[in-house]
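Here the structure comes first, spelled out in structure tokens, and everything after it is commentary.
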Amino acid sequence: MIALLDNGQDLEQCAAEIGGPVGQLLTPLTRYHLRNPDLPWAIDNGRFSNPDTSGLISLLEREASRKEKCLWVATPDVVGSARRTLEVFHIWKKRPELGGWRLALVCQDGQEDLPMPWEEIAAIFIGGSTKWKCSEHPAHLISAAKALGKAVHAGRVNDPARWKHFEELGVDTCDGTGLARYTHMREAIANRHNQGDLLNAVA
């Protein structure tokens with residue numbers, strides 16, 4: 001699983017700390033520039049913290065010349081509501097600024113009971129509440145996505161237990177604010193296989 005980091009730190013050092021591959025996650029919240037286009041990278045809408053649709057459009061315009069190498073763009077979502085997120089997706093997918101970009105649908109609580117626009121997306125982004133994110137429903141969505149050849153990303157993966165969970169489900173990429181910012185969190189991920197008993201006890 002590749003960690004996509006939204007930070008201004010040395011990515012090679014981050015990869016050494018995490019013990020595995022990293023890439024970059026661009027967001028309208030921080031607006032970092034792409035430092036190594038040869039590494040995997042994607043664009044998040046930054047919705048969880050603060051809706052900034054104009055910032056997202058600006059970011060897409062800035063990186064338009066490199067869109068063919070972008071893994072996906074997470075379209076705007078409504079935190080906690082899959083139904084409202086789908087409504088937003090069906091409007092946003094028509095915007096000219098998204099033309100030619102690979103789109104990711106951010107899956108929120110309740111997506112298991114709603115139709116998926118599989119033919120219109122390149123990836124799914126596992127969002128939603130912590131309870132829903134770690135339930136059986138995203139696991140089923142991930143299985144379906146993999147069967148259809150879609151990429152899978154998990155958001156807010158900041159600790160070894162959650163990393164192992166999504167890694168075992170075959171998720172391709174993940175992100176996390178703590179993972180991006182803090183060395184000790186990346187090192188905890190690197191040591192995840194040595195923490196099994198502790199993690200099970202905490203869970």
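Every read-out reported here was derived from the displayed coordinates using simple, explicitly stated rules and does not represent laboratory data. All figures in this text were calculated on a predicted structure; none of them were measured in a lab. Ideal geometry is used to build each Cβ from the backbone, glycine not excepted, and the neighbour counts take in all protein chains shown.
Table for the structure above
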item: Label assignment, P(r) over Cα pairs in 5 Å bins from 0, in percent derived from the structure, set (1) 1, 7, 13, 16, 12, 10, 8, 7, 6, 5, 3, 2, 2, 2, 2, 1, 1, 1, 1, 0, 0, 0; (2) 1, 6, 12, 15, 16, 14, 12, 9, 6, 4, 2, 1, 1, 0, 0; (3) 1, 8, 17, 20, 21, 16, 11, 4, 1, 0, 0; result: (3)
item: Span from the the range 115-180 Cα centroid across to the the range 60-112 one, whole angstrom; result: 15
item: Relative exposure of PHE166, PHE89, PHE125, judged by other C-beta atoms within 10 Å (fewest first); result: PHE89, PHE166, PHE125
item: Among the listed pairs LYS69/LYS131; LYS94/LYS131; LYS69/LYS146; LYS69/LYS93; LYS93/LYS133, those beyond 28 Å (Cα-Cα); result: LYS69/LYS131; LYS94/LYS131
item: Contour minus Cα-Cα distance for ARG95 and TRP118 (0.36 nm per residue); result: 6.4 nm
item: Reference-scaled alpha-carbon Rg (2.2 N^0.38 Å with N residues) for the range 35-152; result: 1.03
item: Shape box of the range 68-136 [Cα atoms, principal axes, largest first, Å]; result: 34, 23, 19
item: The chain, helix-only ellipticity at 222 nm - DSSP H runs n ≥ 4, -39,500 (n - 2.57), divided by all residues, nearest 500; result: -10000 deg cm²/dmol
item: Residue order, fewest to most surrounding Cβ atoms within 10 angstrom, among CYS70, CYS107; result: CYS70, CYS107
item: By average C-beta atoms within 10 angstrom, highest first, the peptides 152-160, 24-32; result: 152-160, 24-32
item: Kyte-Doolittle mean at least 1.6 and Cα axial length at least 18 Å: DSSP H helices in the chain; result: none
